[in-house]
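Trainee: Before I ask anything, let me first share the structure, which is written out below as structure tokens.
The values are calculated or read from the model by the stated rules, or taken from the named source; none is laboratory data. Every value quoted in this text rests on a predicted model; they were computed, and no experiment measured them. With ideal geometry, Cβ positions are generated from the backbone for all residues, glycine too; neighbour counts draw on all protein chains shown.
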Amino acid sequence: MSSKFDASDFVDDDFQDARKAAAAAAANPFAAASEPGRAPTREQVDVRVGEMHQKLGELKRAQQELERERASLEETRRRQLEFTTGRQEMVQHLTRGVGLLEEAEFAARRDAEQMAKALEGMRDALIKVQTIQEETWTKDNFNVELTRALTTVENARMEWNAARLKFAVLSGDTAAENAAPPAATHPVEAILQQRSYAELCKLGLALTWPLALAALAIFAVLLLRH
């Protein structure tokens, strides 16, 4: 028959003693270097101070490394934010610019096509007008050729008028019409500018004396009533 369970059979006494010694050494850093119950010696204190300085140096180096890493991360975050903002801004600007330029290009292409058609029509009309040769007309075909020539000239005139309505560059007086006319000087201002100060005073007196006379008459009537 087996014996009763004893918890002390599974306890490692050496391990327990080592753990207690480590805890005591952590509580008293000088206990490991000195005998129990004795104060630490100067050499032991110097050794511990040196160890503390060494640990502080390691902590400072670790802090500096963390500071450099933090600065690098902040710079990376700033660049990422700059990239995101710049990307959105340029997408908006470029989208708007592409739309505007496409519209302007379409209008310019349309105007160019219309101008090319008008140019072709004017060239044809010019050739037809230039090919009219009056010296070849005879008495027999004079009326027919004259009618044909008048028709050609009229068609050329219609071509010219249509092109001139579409393209302002064909009108020689366009720049003069678009220019703002100079402001005309008011006649009264012109008269006043030509007068001297004394003449202006006389003119003012001549214009205001009836009012002054009427005011004096009203003042006199009021005095007589009182």
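Trainee: Give just the number: which of (1) modelled with pLDDT of 85 or more; (2) over 60 Å from the mean Cα position of the chain (by Cα); (3) not hydrophobic (A, V, I, L, M, F, W, C) does GLN64 not satisfy?
Mentor: (2)
Trainee: When the stretch 133-157 is examined, which residues are found to be within 27 Å of LEU170 (Cβ to Cβ) and charged (D, E, K, R)?
Mentor: Going through the stretch 133-157, the residues within 27 Å of LEU170 (Cβ to Cβ) turn out to be 148-157.
Scanning the stretch 133-157 gives ARG148, GLU154, ARG157.
Trainee: Is there any pair with a first residue in the stretch 92-117 that is closer than 30 Å to ARG164 by Cα and touching a residue at least 40 places away in the same chain (Cβ under 8 Å) and a second that is surrounded by 10 or more Cβ atoms within 10 Å (Cβ to Cβ) and not charged (D, E, K, R) whose Cβ atoms are under 9 Å apart and which are 6 or more apart or on different chains, and what are they?
Mentor: Close Cβ pairs satisfying both conditions: GLN114/PHE167; MET115/ALA163; MET115/PHE167.
Trainee: Then there is this: What about ASN141, is it modelled with pLDDT under 90, of a type in the set (S, T, N, Q) and within 49 Å of the chain's Cα centre (by Cα)? Walk me through it before giving the result.
Mentor: Details: modelled with pLDDT under 90: yes; of a type in the set (S, T, N, Q): yes; within 49 Å of the chain's Cα centre (by Cα): no.
It is false that ASN141 is modelled with pLDDT under 90, of a type in the set (S, T, N, Q) and within 49 Å of the chain's Cα centre (by Cα).
Trainee: When you scan the stretch 159-170, do you find a residue that is of a type outside the set (Lys, Arg) and touching a Ser or Thr at 6+ places or on another chain (Cβ under 6 Å), even just one?
Mentor: So the first thing to find is which residues in the stretch 159-170 are of a type outside the set (Lys, Arg), and the list is 159-163, 165, 167-170.
Pick out the ones that are also touching a Ser or Thr at 6+ places or on another chain (Cβ under 6 Å) and you get 168.
Yes.
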